[in-house]
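Throughout, read-outs are computed from the coordinates displayed, never taken from laboratory work. In this text, all values refer to a predicted model and were calculated from it rather than measured experimentally.
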Amino acid sequence: FINLIQQCKDMNIPILDEIPTQNRPRYDVIVDSIFGFSFRGTAPREPFATAIQQMVQLKQSPLLSSVSSSSDHPILISVDVPSGWDVDGGDLTGTGFHPDVLVSLTAPKLSAKKFRGRHFVGGRFLPPAIADKYGIRMPCYPGVAQVVELS
């Protein structure tokens with residue numbers, strides 16, 4: 001985690017402790033990585049519930065940016081499982097949180113069946129013997145690519 005934060009700082013990517021409520025800038029992309037795959041079906045507690053609701057509001061806000069986009073709102077990208085979603089069942093607590101893009105790590109989780117949007121799988125971390133043992137069909141990665149879009 002510390003190395004990831006340092007990489008973002010080295011690339012001049014701002015890391016926010018909270019989403020500004022006053023004089024809020026417009027965002028082109030919002031990356032959701034609050035929770036990991038271990039989140040299970042209870043409503044998110046504070047301060048996470050507020051952060052999730054703020055991302056929902058930001059997604060609905062009009063995009064005022066110099067970056068060209070085919071969308072009129074920021075693109076919301078969730079890593080592995082959308083925050084607040086149960087890893088198996090999806091948005092069981094009714095957060096209304098629905099990202100535009102999902103990047104599943106290693107393999108899609110069961111909740112990905114409830115996801116509607118662009119879906120990618122990142123990483124070739126699952127040994128074939130483990131995939132075979134659990135009946136997981138891994139996507140074909142072209143060449144040395146580490147990410148593939150699912151259709």
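A few comments on the model shown:
- 15 Å Cα-Cα reach of Lys114 towards aspartates and glutamates, excluding residues that sit fewer than 8 places from it in its own chain: Asp80, Asp86, Asp88, Asp91, Asp100
- Here's how it looks for Phe120: its modeled amide H is under 5 Å from those of Leu102, Val103, Ser104, Leu150, which are all 5 or more places away or on a different chain.
- Distances between placed amide hydrogens fall under 5 Å for Thr93 paired with Asp86, all partners being 5 or more residues away or on another chain.
- Applying the Karplus relation 6.51 cos²θ - 1.76 cosθ + 1.60 with θ = phi - 60° to segment 135-151 yields 3J(HN,Hα) values of x, 8, 8, 7, x, 7, 8, x, x, 9, 4, 9, 9, 9, 8, 8, 10 Hz, where x marks Gly and Pro.
- Cα-based shape type of segment 83-151, given that a ≥ b ≥ c are square roots of the gyration tensor eigenvalues and the cut on a/c is 1.5: oblate
- Residues whose placed amide H lies under 5 Å from that of Ile30, excluding near-sequence neighbours: Ile75, Leu76, Ile77
- Subset of Lys9/Lys113; Lys113/Lys133; Lys59/Lys133; Lys59/Lys113 violating a 31 Å alpha-carbon distance limit: Lys9/Lys113; Lys59/Lys133
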